[in-house]
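The values are calculated or read from the model by the stated rules, or taken from the named source; none is laboratory data. Note that the structure is a prediction, hence the values are computed from the model and not measured. Positions of Cβ are backbone-derived with ideal geometry, glycine not excepted, and every protein chain shown enters the neighbour counts.
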Amino acid sequence: MNNLLGLLQEAISWREVNDADLTICEAGPPKASGKEASFERNEAIFVRNAIRRLFRHAYAEKNDQEIVNFAALIDDYMSRDSYNCLVYGKEFQKILAYLQRRGELGQARQLLEKHLSSLGVLDRKGDTMSVGRFVANYSYSWPVIFFDTYTKLLIKQGETAMAKALLAQALNTGKLLDDAAVMLRKTLEALDGKKVPSKFSTIFVKKADLDPRYLAEPSTERVALAYLRKKLHREGVVADVDLWRLIPTLVRGEMSPAHLATTYASIVGVQPPKSFYHSLIANRDVFAAAFEASFSATFGAVGFPDLILYDEHHFRDLLFVEVKDVNDRMRPHQEAILNAFVELGMACQVLKFTQ
């Protein structure tokens, strides 16, 4: 423990590490396995997580001096290798937001150009910036998010033409997966004053008009499911990401109905309809195609719709629904998944709750 604290003190060189810091860092290192190699990894993880937590605490407390000090430390770590650019992605975004609120757009831009160049996303030739390489970068990856932030910063600085040129270059690389392309295309569409219609429909439902029994459900997704069951005369389930990860196993027939019921209940909190297992088996080909399409849409098992509805009598007529609460919005990976499903001929919809 003393060794770990020594490493943390070495990183935080501008002041003494104190008990309050340890409380913020949750007072200790990750559990070690006893092996030296594992302990070394735990040292690195402890220091990294401690810096992230301490920075976020300073940011929440609006402690300007600590924000500046931790920002410099994080910038130093990010400058060492590209891995740290990804590790500290959330913190870097907060640093950029902090600088922009203070009107320090030039410094924010300088940091973005430095780290985007080190990641290979931007190439500098003299005073000109161009898109470098986008290899296996998706909407959830920090290189693409940093790039999107950079183009929006250029717009704030009045360099709209440069922002548009970079966005167009990125979209034409052929290296982006669909969710990354959705993210950047939205920024470009906003610049052009255009909005490309969605491939899926959105229905709006006022929460105040819902049956109180629906609103008594413990989650927004279960509220939506209760409403749609009645409205559409269909059966359905809440499809948590952990359930989506099980579906390939299920459609191969490698999980019994009883095992599915137990697993679903542990994930969602209620038993699934007995017909759900039969619907999965009856739609093997649909789900296989859905998973294959997802690999070009996002970087992994994310963004899948919240609800799966089907006709309980013959188990067909699948409908995939993404649920958005009053203050929630679609994210690029969710939109990319729905687009991919629609292109395969699957029925998809967004249910958006309003006040």
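Here is how the numbers come out for the structure above:
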| read-out | value |
| --- | --- |
| Qualifying helices (runs of 4 or more DSSP H) (wholly inside the stretch 38-118; at least 1 residues being at pLDDT 95 or above and not acidic (D, E)) | 64-80, 89-101, 105-118 |
| Residue match in the stretch 14-28 (condition: part of a helix (DSSP H, G or I), surrounded by 11 or more Cβ atoms within 10 Å (Cβ to Cβ), modelled with pLDDT of 80 or more and among the aromatic types (F, W, Y)) | no |
| Residue within the stretch 53-73 that is surrounded by 17 or more Cβ atoms within 10 Å (Cβ to Cβ), under 24 Å from the mean Cα position of the chain (by Cα) and of a type in the set (V, I, T) present | no |
| Single match in A190, A216 (criterion: more than 22 Å from the chain's Cα centre (by Cα) and either at positive phi or hydrophobic (A, V, I, L, M, F, W, C) (or both)) | A216 |
| Complete set of residues in the stretch 202-226 that are within 22 Å of V342 (Cβ to Cβ) and either surrounded by 11 or more Cβ atoms within 10 Å (Cβ to Cβ) or of a type in the set (V, I, T) (or both) | T202, I203, V205, E221, A224, L225 |
| Filtered residue count, the stretch 323-339, keeping only those that are outside any strand (DSSP E or B) and surrounded by 15 or more Cβ atoms within 10 Å (Cβ to Cβ) | 11 |
| Any hit, the stretch 276-285, residues being over 27 Å from I145 (Cα atoms), without any contact (Cβ under 8 Å) to a residue 60 or more places away in the chain, not in a helix (DSSP H, G or I) and not hydrophobic (A, V, I, L, M, F, W, C) | yes |
| Flag for F320 being under 17 Å from D178 (Cα atoms), at pLDDT 90 or above and surrounded by 21 or more Cβ atoms within 10 Å (Cβ to Cβ) | no |
| When residues of the stretch 198-215 are limited to those that are outside any strand (DSSP E or B) and of a type in the set (D, E, K, R), the one nearest to C348 (Cα to Cα) | K199 |
| Number of positions in the stretch 218-245 that are in contact with a Leu (Cβ under 8 Å, 6 or more places away or on another chain) and assigned to a helix (DSSP H, G or I) | 8 |
| Hey, V342 assigned to a helix (DSSP H, G or I), under 18 Å from I203 (Cβ atoms) and in the same structural domain as Y227 (by TED's automatic domain parsing) or not | yes |
| In the stretch 168-180, the residues that are in a helix (DSSP H, G or I) and surrounded by fewer than 22 Cβ atoms within 10 Å (Cβ to Cβ) | A168, Q169, L171 |
| Some residue of the stretch 125-143 being assigned by TED's automatic domain parsing to the domain that holds I12, in a helix (DSSP H, G or I), under 27 Å from S296 (Cβ atoms) and in contact with a helix residue (DSSP H, G or I) (Cβ under 9 Å, 6 or more places away or on another chain) | yes |
| Criterion (more than 30 Å from K207 (Cα to Cα), loosely packed, with under 15 Cβ neighbours inside 10 Å and aliphatic (A, V, I, L, M)) met by exactly one of A282, A288 | A288 |
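Table: residues versus (1) acidic (D, E); (2) closer than 21 Å to D21 by Cα.
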position: R56; (1), (2): no, yes
position: D64; (1), (2): yes, yes
position: A71; (1), (2): no, yes
position: S79; (1), (2): no, no
position: V87; (1), (2): no, yes
position: K94; (1), (2): no, yes
position: A97; (1), (2): no, no
position: G106; (1), (2): no, no
